[in-house]
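The values are calculated or read from the model by the stated rules, or taken from the named source; none is laboratory data. All of these numbers come straight from a predicted model, not from anything done at the bench. Cβ placement follows ideal geometry from the backbone for every residue including glycine, while neighbour counts extend to all protein chains displayed.
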Amino acid sequence: MFEDTIAAIATPLGEGGIAIIRISGENALSVGDRVFQPISGNTNHLENAKSHTIHYGYISLNNQRLDEVMVSVMRAPATFTREDIIEINCHGGMQATKTVLDAVLKSGARLAIPGEFTKRAFLHGRIDLTQAEAVADIINARTNLALSAANEQLAGKLSERINQLRDDTMHVLAHVEAHIDFPDEDIEPDTMDGLIKRLKKTKSFIDQLLSTANDGKLIRRGIRIAIIGKPNAGKSSLLNQLLGHDRAIVSNIAGTTRDTISEEAQIRDILVVFIDTAGLQETDDKVEQEGVKRSHDSIKQADLILYVLDSSKPLTPDSQLSLKDLANRKHILVLNKNDLPEALDPKSIEEFKTISISSINGDGIESLKDAIKSSVWEGGIKSEMLEVMINSRHQEALIRARISLEAALSQLQSGLTLDLIALDLRVTANAIGEIVGKTTTEDLLDSIFSTFCIGK
């Protein structure tokens, strides 16, 4: 399928013990032999080597020894790309790695573009598109939960279900087209009932998959939590407690935080982006006004709001007004400073979900972390959910599939023209097929694989 041979650095650039140069293609072994000098001194050493073996020697170019290396030989089709692959394990310094790569490129390989190794794996049938995306998700995973979801997808759990959806749709389409070809034969009532039942089952499962879209988004990119409240309520101290280290400046002077501070952390195996905001207050100070404006912008973008109240002080009228804004948002009311005498009237906040803490001594912080997790996923994350966690591309394709499927189902139930039903079913099958790559365009593939790193 591919006539050229590609190469790239498969490990991060920087200082390290080992770096890997990956070469894949029809001429990978011959390219390797042009730069690899085995200790034995044999010519064409790699081309004659057995698959899945490792060889010790040197990388040289123009009789100049460049680096001491180990080279892995992997022959097609038992490789990631289903092409011949060699991997050069060289020293991990930036200059050493680039020097070895340059030698490989001068010896007949070309530099791979982002995601090209994985794209070749897809085009050779090694993996489908959902599994290709799972490779990127594994690389980008920042929590165990995200990693588990990506591994389930790489194992083909989502692919199995998508392929079943497409097969069920194609089954109904085959029956409809058969009756288009033989118009004198009506579809038997029992057969019609079976076709309708199958389409309803397909629609139901599409709905189930679509229901995982938001969870998938939160697992992959994390959740945004805005920490808001009046000046000196303890927002920055709370952020430092949740992070486990001092990130925000803490002082008794109200208005110390005048801009939003963004920081990441893992909370109960969930990636969380915390945004510590400037105190919500009326002010004539231009800088503070901009800070308050940014605070309101952060609130709009947040998946969850932590509203921090100083429980050692009575609730003020402006705080009561601010609390009303939480009614239609996911939120937790954090009652801070429980190490001081309580002055907050419990009746004034009885309609809100509250957690009592001390951002000074850490009391209640673990309970707050539990509340954050339960606020995001009520009932928790089940293993079967991880198996079919769709992304935004899958979601868009499934929405199109559902629209055309609903049209086909309605027409089938109403006894309308079979040609129209067949057309809608083809649209449904094609949309579902896009998810696993059974129906693709070059633009779609470029869009997916361009997000990968060059060495993958």
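Just a few scattered comments:
- Subset of the range 351-363 [over 16 Å from Ser236 (Cα atoms) and either free of Cβ contacts under 8 Å to residues at least 12 places away in the same chain or out of contact with any Leu (no Cβ under 7 Å at 6 or more places or on another chain) (or both)]: Glu351
- From the list Ile225, Ile267, Ile299, Ile219, the one residue that fits, being closer than 30 Å to Asp137 by Cα, hydrophobic (A, V, I, L, M, F, W, C), at pLDDT 70 or above and in contact with a Lys or Arg (Cβ under 7 Å, 6 or more places away or on another chain), is Ile267.
- Candidate set from the range 401-449 (those that are among the small types (Gly, Ala, Ser) and modelled with pLDDT under 85); member that is surrounded by the fewest Cβ atoms within 10 Å (Cβ to Cβ): Ser414
- Answer residue from the range 61-86, given it is over 21 Å from Ala10 (Cβ atoms) and assigned to a strand (DSSP E or B) and is nearest to the chain's Cα centre (by Cα) among those: Arg65
- So Val71, is it within 22 Å of Glu116 (Cα to Cα) and either touching a residue at least 12 places away in the same chain (Cβ under 8 Å) or in contact with an Asp or Glu (Cβ under 7 Å, 6 or more places away or on another chain) (or both): yes
- Criterion violated by Thr130 - all others in (1) crowded, with 20+ Cβ neighbours inside 10 Å; (2) polar (S, T, N, Q); (3) more than 30 Å from Ala265 (Cα to Cα) satisfied: (3)
- Test: Ser30 is under 27 Å from Gln131 (Cβ atoms) and not assigned by TED's automatic domain parsing to the domain that holds Val135: no
- If you check Leu333, Leu326 for being surrounded by 13 or more Cβ atoms within 10 Å (Cβ to Cβ) and either at pLDDT 85 or above or not in a loop (DSSP other than H, G, I, E, B) (or both), only one passes: Leu333.
- Every condition in (1) assigned to a helix (DSSP H, G or I); (2) modelled with pLDDT of 85 or more holds for Ile127 except the one numbered (1).
- Residue satisfying all of: in the range 104-115; more than 19 Å from the chain's Cα centre (by Cα) and surrounded by 22 or more Cβ atoms within 10 Å (Cβ to Cβ); farthest from Leu29 (Cα to Cα) among these: Ala112
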